[in-house]
Amino acid sequence: MRRTIVGILLLAILALAGVAKSHFTDTAISKGNTVTTAEFDIAISKDGKRFYNELKLFDLSNLLPGEKKNVTFLVKNRGTVTMNRLTLTLNVRNYEVKMSPAEKAVDSTPEKGELGKWLVLKTISVNGKPVLVNKTLDELSGKTISLPVKLKPGEKAEVRMTFDLPVEAGNECQTDGIDVTLRLDASQ
Ligand SMILES: [Ca+2]
Ligand SMILES: [Ca+2]
């Protein structure tokens, strides 16, 4: 019996509160206010037509001692802010494609390639401005190289890397391969 009374009282209070709220109201709303950050986006391309965030840039095969090879690609600032610093980081993994008979005689590590010990990155040129590197890919692996360029929004630059397999490279790096990952980092 007591419970019922309590129940009824509560209902009455709620009803009164409802009544008390019924008066004129008005609200002003401001929607769509935004704060956005600038876009920072660097992209690469082989031919300058389409740019990508990730792209395989080269495949140098059947290299011989004494040969030089150029790899050319383009970088573009696709964002809205000037990139004042651009760096290139190489990561190199050596592997054996196979062990040729001549190689077997001088190479005691069939599971590990030796090409990175010999293959030299001579220079990196950006828009024709050369940076002398002259280090083997094994020495460069994990290292960061500063590129002499600033890119305004929408601007592109041509990067040319010149590789050289010295004549002294011996049979231990016959039929060896290297897998190179290039990473470009841009900052304000
Ligand atoms: Ca080996
Ligand atoms: Ca080898």
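For this structure, a couple of remarks:
- In the distance distribution for the stretch 62-188, Cα-Cα pairs more than 21 Å apart total 45 percent.
- Between helix 2-21 and the chain there is an angle of about 80 degrees, using the helix long axis and the longest principal axis of the Cα atoms.
- Taking the centroid of alpha carbons for each part, the stretch 139-188 and the stretch 89-111 are 21 Å apart.
- Taking θ as phi - 60° and the Karplus parameters 6.51, -1.76 and 1.60, the scalar couplings of the stretch 166-175 work out to x, 4, 6, 4, x, 5, 5, 9, 5, 6 Hz in sequence order, x denoting glycine and proline.
- Gaussian network model of the chain, Cα within-10 Å springs - most flexible of L90, L55, L140: L55
- The 3J(HN,Hα) values that the Karplus relation (6.51, -1.76, 1.60; θ = phi - 60°) gives for the stretch 146-157 are, in residue order, 7, 9, x, 7, 10, 10, 7, x, x, 7, 10, 9 Hz. Gly and Pro appear as x.
- In the chain, the calculated helix contribution to ellipticity at 222 nm averages -4500 deg cm²/dmol per residue, counting -39,500 (n - 2.57) for every DSSP H run with n ≥ 4.
- Cross-link pairs exceeding 29 Å between alpha carbons, from the set K49/K152; K49/K112; K98/K156: K49/K112; K98/K156.
- Positive-pole candidate from L137, N33, M161, dipole of the chain, charges at beta carbon: N33
- Between S108, S141, S100, the GNM of the chain built on Cα springs shorter than 10 angstrom shows S108 fluctuating the most.
- Karplus-derived 3J(HN,Hα), 6.51/-1.76/1.60, for each residue of the stretch 93-106, Hz, glycine and proline x: 10, 8, 8, 9, 5, 7, 9, 6, x, 5, 6, 3, 5, 10
- Filter on K68/K122; K76/K135; K122/K150; K56/K76 - keep pairs with C-alpha separation over 19 Å: K76/K135; K122/K150
- Built amide H within the under 5 Å cut-off of K122, gap 5+: N134, T162, F163, D164
- Under 5 Å between amide hydrogens, built in the peptide plane, is the criterion, and for M99 it picks out nothing among residues at least 5 positions away or on other chains.
- Comparing N84, N33, N62 in a Gaussian network model of the chain where C-alpha atoms under 10 Å apart are linked, the largest mean-square fluctuation is found at N33.
The numbers here are math on the coordinates, done by the rules we state, and not lab data. Model, not experiment: these values are computed from the prediction. Positions of Cβ are backbone-derived with ideal geometry, glycine not excepted, and every protein chain shown enters the neighbour counts.
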